[in-house]
Every structure is written in C-alpha cells, then in structure tokens.
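Here is the structure we will look at.
The values are calculated or read from the model by the stated rules, or taken from the named source; none is laboratory data. Given the structure is predicted, the values throughout are model-derived calculations rather than measurements. Glycine also receives a Cβ, built like all others from the backbone with ideal geometry; neighbour counts cover every protein chain displayed. Just so you know, the surface numbers come from the protein's heavy atoms only, side chains and all, with ligands and any DNA or RNA stripped out. Shrake-Rupley method; radii C 1.70, N 1.55, O 1.52, S 1.80 Å.
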Amino acid sequence: MVADLTGHAPAAEPAAAGDWPFSPAACPRLVLKIGSALLVDACGEIRRDWLAGMVADVAAAHAAGQRIAIVSSGAIALGARRLGLAKGGRASLEDAQAAAATGQIALSHAWAALLGAKGLTAAQMLVTLDDLEDRRRYLNASATLDRLLSLGVVPVINENDSVATEEIRFGDNDRLAARIAQAAGAHGVILFSDVDGLYTANPGSDPNARLVPEVRRVDARIRAMADGGSASGMGSGGMASKLEAARIAQGSGAHLAIATGKVDRPLAAFAATRRGTIFTAQRGGSARKAWLAGRLTIRGRIHVDAGAVAALEKGRSLLPAGATGVEGRFARGDVVDIVGPGEHLLARGLVEYDAADAASIVGRRSDALAAILGYAPRAALVHRDHMVML
Ligand code: GLU
C-alpha cells in the first residue's frame, strides 16, 4: 500500500488522531459534500432513508459540539425527473438550469425537514463561481457562513445552477465544497461519493489498482491516477475535480477526504473504517494567498525561464526579464498562472499589466521598460505579495 507518495512535510493542524492523519471528529468545523448519486435514486426520487442516516450523523456531530456545513448536489437529478427531461437534465445548459430550479426546492425541503426532525435548523445558500472568485463577494459569503455556523445553524449549500452560465460555473460540487471550506474556516472536508477514494489505476479495469490512503501533495503523479468520470453518471464531478478540490483544501489548511457514501451512516462509517483517501492539510500561508491559490478563473499564463523559477522559489517577485512569453487575454489585476520550462505550473498571481503591455516587455530588463511602455513601469510583472507558489 502506498502510504506516502511524495515525502513532503507532515500535515499541520488540525491535529492527527492516533496514526490517522485526519479525524473528522477533531474538526470544529467540517464540510460534508454529498454527491447526486447518493441522494437521488434511479427513479429520480430522494433516498430519504439514506438521507435520514446522513442527518443522524450530522446531529451526532452537532451534539458533540462540531459545526457542519453541507454541500448538497442532487438538484439537477431531482428536477430532471420531475420535468421529464432526457439525459438526467444535462442535455443542455437550459435543461440543467430548469432542472436545478425545480429540483432545488425539493432538495432544500428534504434537508430542512430531516434536520428539523433532529432539532437542527437548516439554512440555504446558493452560490455561483463568481460569488467566490470576487474577493469582496467571497468575504461576504464567508461572513454569512461564519455567522450561520456560530448560530448553530446547518448551512445547506449548492451552486446556483439556474443562473450560472456555462463559462462561469463550478459545474461540480467538489471544488465548490473546497471553496466553501475555505470560506467557512473549516478544518476538514469529506467528499461523500459513489467512489471510495483515489486508486492507483482504474479499479474497474485494472485488477492491480489499489486505494491510495494518503496524499500529501497533488502532483503530476497523483493527477495521472485520475481518469475522470463518476461511476453513476448522475453527478458531474469526476476524480479530476476531486483532486482539484483537494488541492484547494490542502492549500487553505484543511484536510480533505474522499470516502464512500454508499453506506447507511457515511460519517460514522468513515470514522470507524478509515477507508478512503485523505489529502492532508498543508501548513497554510495567509488566508488571502490561500484564496488566491484556490481561484478557478485563470485569465492567462506567463511562461518564465529557469532563472525566474529559481528567483520565485526564493520568494522574489516575477520581473519582465524572467518571462519568455504570455498567453491569454487578461487585464491588470486578473489572475494568471506562471509556468516554468517544461510546462511546469509554478505559481499563480495577480498580474500587474494588461496582456498587450505584458507581451511587449517580456524578456526586457527593468531599465528598458519605461521607453517601451510610455509610462512608469510597475515594480514587477507579478509582485510576490500577490503571488502564491503552487
Ligand atoms: N449542482 C449540481 C446539482 O445540484 C450538482 C453538481 C455536481 O454534480 O457536483 O445537481
């Protein structure tokens, strides 16, 4: 069994329990993501018995003093059935939006009723990608989540699919859950799914595929293990989006686990069996840098040479002299990726120039910039204060 795939530094807080790196019960704030295939049966109805078990887990965690936020999928699957739409409501964006609007009301009702039966108050939050990508709106959502959790309410969150457009939507609740964990200051995230973790290869076709119990860093080797696509075909988050969620959570100092939800009391079962893949939290930088690292709307790429890679690794800013090319249509202040030789994704940051100006100063020394630009140059192409290493 692969215990440590990368040999990176051990996890920071939250603390380990025994030799298990992630104890859900030790997380004061925990985000649980529930996939569509768990909540909705093949006939498009809510699996109430299963949901009641999940709610019993939430109530037990609450009684122990934890605060839980739920990221619940299922609106599209539920709505599609009610509207008689083909392909589970995912044949077109318009279908998905109509299905989401129809299904969401049933979904919220089910959560509110079952949580209410356990004496818990549910609150609904529907968010779009932009709500969490824009810093001010992100802080606003974060404050709302914080208030709800401190009031002892259980936020039930989903993407606002009925208004999101194709280009600017999460499209999967895995990454949304990681962003919510970040916004809520959660210490752990569990993605309950119809898969029970990350395997070294596709377990359906490769008899040698093994479950990976712990991942300290999502790198190229780990990404190569994900072949995408959920087993059910009902939700939209495959393994690739789960790995991206893991990267976001780890960067904000939260553990993330992928565990099976195909059992009656999934949280209790995960705590008891410890079966799943745990992505251990990394020692966090500032909250703002973690938010930046988790940004999903990347407007461009700046390619840099080996000298710039070395400088960035020492914590320096990226100067135009170290850049070898730019890609994309970005404006000053947009997020860009910084890519080293061999397409190595190195860092992400807020760019100081529009794309055209950035392109004009690529490879140029600082003393040449004013003449090229026709105005006083900025201190850097991407300043280290607005950059995070990936
Ligand atoms: N937001 C979608 C829904 O409620 C689910 C997205 C996903 O499959 O992760 O149906």
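Taking Cα pairs under 8 Å and at least six residues apart, what relative contact order does the chain come out at, in percent?
16
Amide H of PHE279: which non-local residues (sequence gap of 5 or more, or other chain) have their own amide H closer than 5 Å, using H built in the peptide plane?
The list, which skips near neighbours in sequence, is VAL215, LEU256, ALA257, ILE258.
Can you spot the aspartates and glutamates whose alpha carbon is less than 12 Å from LYS289's alpha carbon? Ignore those fewer than 8 places along the same chain.
Partners found: ASP385.
What residues have an amide H closer than 5 Å to that of ASN160, excluding those fewer than 5 places away on the same chain, when H is modeled at 1.01 Å from N in the peptide plane?
Amide H neighbours of ASN160, under 5 Å, 5+ apart: VAL127, THR128.
Relative to the longest principal axis of the C-alpha atoms of the chain, give the angle of the C-alpha long axis of helix 93-117, reported between 0 and 90° and rounded to the nearest 10°.
So the helix axis and the longest Cα principal axis differ by about 50 degrees.
Can you give me the Cα centroid spacing of the range 312-342 and the range 31-64 in angstrom?
44
Based on the Cβ-Cβ distance of ALA310 and ALA240, what FRET efficiency does E = 1/(1 + (r/R0)^6) give at R0 = 25 Å, to the nearest 0.05?
Efficiency, rounded to the nearest 0.05: 0.25.
If you average the C-alpha positions of the range 125-165 and of the range 95-112 separately, how far apart do those two centres end up, in angstrom?
17
Using a 1.4 Å probe on the protein chains only, how many percent of the accessible area of the range 263-390 belongs to carbon and sulfur? Spell out each step's value before the answer.
Details: 3050 of 6120 Å².
The C+S portion of the solvent-accessible surface of the range 263-390 is 50 percent.
Just order 71-79, 154-162 by mean Cβ neighbour count inside 10 Å, highest at the front, would you?
Values: 71-79: 28.4, 154-162: 22.9.
So the order, starting with the most tightly packed, is 71-79, 154-162.
Tell me, what is the per residue accessible area of the chain in Å², probe radius 1.4 Å? Don't skip to the answer; put the middle values down first.
Details: 16470 Å² over 390 residues.
That works out to 42 Å² for each residue.
Explain nothing, just the number: relative contact order of the range 241-320, from Cα pairs under 8 Å at least 6 residues apart, as a whole percent.
After rounding, I find 30 percent.
I need the phi-derived Karplus couplings for the range 342-353: 6.51 cos²θ - 1.76 cosθ + 1.60, θ = phi - 60°, integer Hz, Gly and Pro marked x.
Residue by residue, the range 342-353 yields x, 6, 7, 6, 9, 7, 9, x, 8, 7, 8, 10 Hz.
Using r as the Cβ-Cβ distance of LEU296 and ARG329, and R0 as 22 Å, what FRET efficiency do you calculate, to the nearest 0.05?
Efficiency, from the Cβ-Cβ distance: 0.80.
Quick check: from the Cα gyration tensor, does the range 142-198 come out rounded (a/c under 1.5), prolate or oblate?
It is oblate, given that a/c is not under 1.5 and a/b is not larger than b/c.
In deg cm²/dmol and to the nearest 500, what is the mean residue ellipticity at 222 nm of the chain if only DSSP H runs of at least 4 residues count, each as -39500 (n - 2.57), divided by the residue total?
Value at 222 nm, helices only: -10500 deg cm²/dmol.
List the residues, sorted by chain then number, that are 5 or more residues from ASP385 or on another chain and whose placed amide H is less than 5 Å from its amide H.
none
Over the Cα atoms of the range 250-390, what is the Rg over Rh ratio if Rh follows Kirkwood? Mind showing how you got there, number by number?
Working: Rg = 19.4 Å, Rh = 16.8 Å.
The Rg/Rh ratio comes out at 1.16.
Measuring from label point to label point, each 7 Å out along Cα→Cβ, what is the ASP219 to ALA60 span in nm?
3.8
In µm²/s, what is D for the range 327-390 at 20 °C and 1.002 mPa s, where D = kT/(6 pi eta Rh) by Stokes-Einstein and Rh is the Kirkwood radius from Cα pairs?
Rounded to a whole number, D works out at 174 µm²/s.
Using alpha-carbon pairs under 8 Å, 6+ residues apart, how would you state the relative contact order of the range 258-362 in percent? Display every interim value, and only then the final one.
Numbers: 144 pairs, mean separation 24.5, N = 105.
After rounding, I find 23 percent.
Given labels modelled 7 Å from the Cα in the Cβ direction, how far is it in nm from ASN140 to ASN202?
4.4
Quick one: grab the alpha carbon gyration tensor of the chain, order the square roots of its eigenvalues as a ≥ b ≥ c, and give me rounded if a/c is under 1.5, else prolate or oblate depending on whether a/b is larger than b/c.
prolate
What nm distance separates the two modelled labels at HIS383 and ILE105, each placed 7 Å from Cα along Cα→Cβ?
4.9
For the range 20-27, just list the computed ³J(HN,Hα) in residue order, Karplus coefficients 6.51, -1.76 and 1.60, θ = phi - 60°, integers in Hz, with x standing in for Gly and Pro.
Karplus values, whole Hz, x for Gly and Pro: 8, x, 9, 9, x, 5, 8, 9.
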